[in-house]
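Asks: My structure is below; once you've seen it, I'll send some questions.
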Amino acid sequence: MLAVLSTPGHLVSLAARLFARLSEARLKPLGFGVGQLPVLVALQSRQADTQRDLARFARIEQPSMAQMLARMERNGLISRAPDPEDGRSSRILLTEAARTRLPNACQMLFEGNGEALSGFTEAEAAQFIALLTRLIANLDRLASAEEGSHSC
């Protein structure tokens, strides 16, 4: 039974929770939450600017994205503007306050990641990232197959 605690799924989950706790503590003084990071990055880099596209980018469900965006708007991190091409939709924009604080947040997260990888060589860190990226691609493929097998 103890072997289950040494499986990749458990270890990745544990690492993710610890990373999230560390990141949350560092982002909180800047007014950000770790779950908001994909949204902030997508908006800053212009990868997405609608609720639907942000949900897809962040790999979360639409209702969860709607709640997150409502909190971010209430906290002054985003604003909404009518979509010039679709009157039923709105475009999500970073506020100046979020845009100003985002570089510091990214720097803090890079530092935290560097500290977490203390003792890893650059090659090991790069290999670790490559392996995690492959793992995520496999999990995405499995999740898509699962979703496809459950739809009627």
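The values are calculated or read from the model by the stated rules, or taken from the named source; none is laboratory data. As the structure is a computational prediction, the values presented were derived from the model and not from experiment. Note that each Cβ is placed from the backbone with ideal geometry, even for glycine, and that neighbours are counted across all protein chains shown.
Asks: Run down 102, 131, 94 and say which single residue is closer than 21 Å to residue 19 by Cβ and touching a strand residue (DSSP E or B) at 6+ places or on another chain (Cβ under 9 Å).
Replies: After ruling out the rest, the residue left standing is 102.
A quick yes/no check of all residues on (1) aliphatic (A, V, I, L, M); (2) at pLDDT below 95; (3) in contact with a Ser or Thr (Cβ under 9 Å, 6 or more places away or on another chain):
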position	(1), (2), (3)
82	no, yes, yes
95	no, no, yes
118	no, no, no
145	yes, yes, no
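Asks: Which condition number in (1) at pLDDT 95 or above; (2) within 17 Å of the chain's Cα centre (by Cα) is the one that residue 139 fails?
Replies: Evaluating residue 139 over (1) at pLDDT 95 or above; (2) within 17 Å of the chain's Cα centre (by Cα) leaves (1) as the failure.
Asks: Across the range 18-33, what is the total count of residues that are part of a helix (DSSP H, G or I) and surrounded by 19 or more Cβ atoms within 10 Å (Cβ to Cβ)?
Replies: Number satisfying all stated conditions: 2.
Asks: For the range 99-116, indicate whether the set of residues that are basic (Lys, Arg) and closer than 20 Å to residue 47 by Cβ is non-empty.
Replies: Yes; the residues of the range 99-116 include at least one that is basic (Lys, Arg) and closer than 20 Å to residue 47 by Cβ.
Asks: Kindly check whether there is at least one residue in the range 44-53 that is among the hydrophobic types (A, V, I, L, M, F, W, C) and assigned to a helix (DSSP H, G or I).
Replies: No, the conditions are met nowhere in the range 44-53.
Asks: Another question, then. Which ones in the range 1-17 are exposed (fewer than 11 other Cβ atoms within 10 Å of the Cβ), assigned to a helix (DSSP H, G or I) and not aliphatic (A, V, I, L, M)?
Replies: Matches in the range 1-17: 6, 8, 9, 17.
Asks: Here's a follow-up. Right, residue 121: among the hydroxyl-bearing types (Ser, Thr, Tyr), under 22 Å from residue 42 (Cα atoms) and out of contact with any strand residue (DSSP E or B) (no Cβ under 9 Å at 6 or more places or on another chain) or not?
Replies: Here the answer is no, as residue 121 does not meet what is asked.
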